[in-house]
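Have a look at the structure below before the remarks.
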C-alpha cells in the first residue's frame with residue numbers, strides 16, 4: 001500500500017513539475033524557425049561601441065545583462081490572421097507569466113510596453129513588446145542577474161546615446177531582405 005502511494009505521489013509531482021504553461025522563453029524558442037518570424041540571440045556586447053566611454057553606472061548595467069533575444073513577426077497583407085493570433089499569444093504570455101507592466105506607450109500607431117519579471121527591485125528579465133499592425137510586432141527579451149529598474153532606464157539611455165553595434169544584426173537584416 002505504501003509503495004502504491006509513493007508511486008502515485010511521484011507521478012503526481014512529475015505532472016505538476018512539467019508545466020505546460022506558456023512562457024516567453026518557450027514562445028521565443030518555438031517561433032524562432034516558424035514562418036513569418038525572424039529571431040536573433042545577441043550578447044550584451046551589442047551595446048558596446050569602441051568610440052564610447054562608459055560611466056561606472058553604464059558598465060554596471062551592461063554587466064547585469066546576460067542575454068538578449070529578439071523575435072520579430074513581419075506582417076503582410078497575406079498573413080493578417082496569423083498576425084492577430086500570434087500577437088494575441090505574445091501579449092497573453094506577458095499577462096499570465098508573472099510579468100509586471102512597467103511602461104505602456106501608444107504613439108504614432110505603435111503600441112509598446114516594457115514588462116519586468118522578478119522580485120521587487122531585483123529584476124531577472126524584462127521584455128519590450130512593440131506592435132504596429134501594418135508592419136508586425138517584435139519582442140525583445142533581456143535577461144540578467146538582479147537587474148533594477150534603474151538598469152533598464154540606463155540601458156534605454158545607452159541605446160539612444162550610442163546606438164547598437166549593427167554588425168551583430170547583419171543576419172537579421174539579410175533575413176528581412178530575403179523574406180520580402
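The values are calculated or read from the model by the stated rules, or taken from the named source; none is laboratory data. Since this is a predicted model, take the numbers as computed values, not measurements. Backbone-built Cβ (ideal geometry, glycine too); neighbour counts: all protein chains shown.
Could you tell me whether residue 92 is in contact (Cβ under 8 Å) with a residue 40 or more places away in the chain and within 26 Å of residue 21 (Cβ to Cβ)? Talk me through it step by step, then tell me what you get.
Values: in contact (Cβ under 8 Å) with a residue 40 or more places away in the chain: yes; within 26 Å of residue 21 (Cβ to Cβ): yes.
Considered against the rule, which asks whether it is in contact (Cβ under 8 Å) with a residue 40 or more places away in the chain and within 26 Å of residue 21 (Cβ to Cβ), residue 92 comes out as yes.
On the given criteria, is residue 179 at pLDDT below 85 and surrounded by 12 or more Cβ atoms within 10 Å (Cβ to Cβ)?
Yes; evaluated as a whole, the condition is true for this residue.
Considering the stretch 102-120 alone, what residues qualify as being surrounded by 12 or more Cβ atoms within 10 Å (Cβ to Cβ) and either in contact with a helix residue (DSSP H, G or I) (Cβ under 8 Å, 6 or more places away or on another chain) or assigned to a loop (DSSP other than H, G, I, E, B) (or both)?
102, 113, 114, 115, 116
For residues that are farther than 17 Å from residue 27 by Cβ and either in a strand (DSSP E or B) or modelled with pLDDT of 90 or more (or both), tally how many sit in the stretch 125-134.
Adding up the residues that qualify gives 1.
Residue 46 passes all but one of (1) assigned to a helix (DSSP H, G or I); (2) modelled with pLDDT of 85 or more; (3) within 19 Å of the chain's Cα centre (by Cα); which number fails?
(2)
Has the stretch 156-171 got any residue that is in contact with a helix residue (DSSP H, G or I) (Cβ under 7 Å, 6 or more places away or on another chain), more than 28 Å from residue 79 (Cβ to Cβ), at pLDDT below 85 and crowded, with 18+ Cβ neighbours inside 10 Å?
yes
Does residue 69 satisfy being touching a helix residue (DSSP H, G or I) at 6+ places or on another chain (Cβ under 7 Å) and without any contact (Cβ under 8 Å) to a residue 60 or more places away in the chain?
no
Please go through the stretch 67-92 and pick out each residue that is surrounded by 15 or more Cβ atoms within 10 Å (Cβ to Cβ), over 11 Å from the mean Cα position of the chain (by Cα) and outside any loop (DSSP other than H, G, I, E, B).
Answer for the stretch 67-92, where residues must be surrounded by 15 or more Cβ atoms within 10 Å (Cβ to Cβ), over 11 Å from the mean Cα position of the chain (by Cα) and outside any loop (DSSP other than H, G, I, E, B): 73, 74, 82, 83, 86, 87, 91.
When both residues are 6+ apart or on different chains and their Cβ atoms are under 7 Å apart, which pairs have a first residue that lies in the stretch 20-35 and is free of Cβ contacts under 8 Å to residues at least 12 places away in the same chain, and a second that is in a helix (DSSP H, G or I)?
Close Cβ pairs (under 7 Å, with a partner that is in a helix (DSSP H, G or I)) do not exist here.
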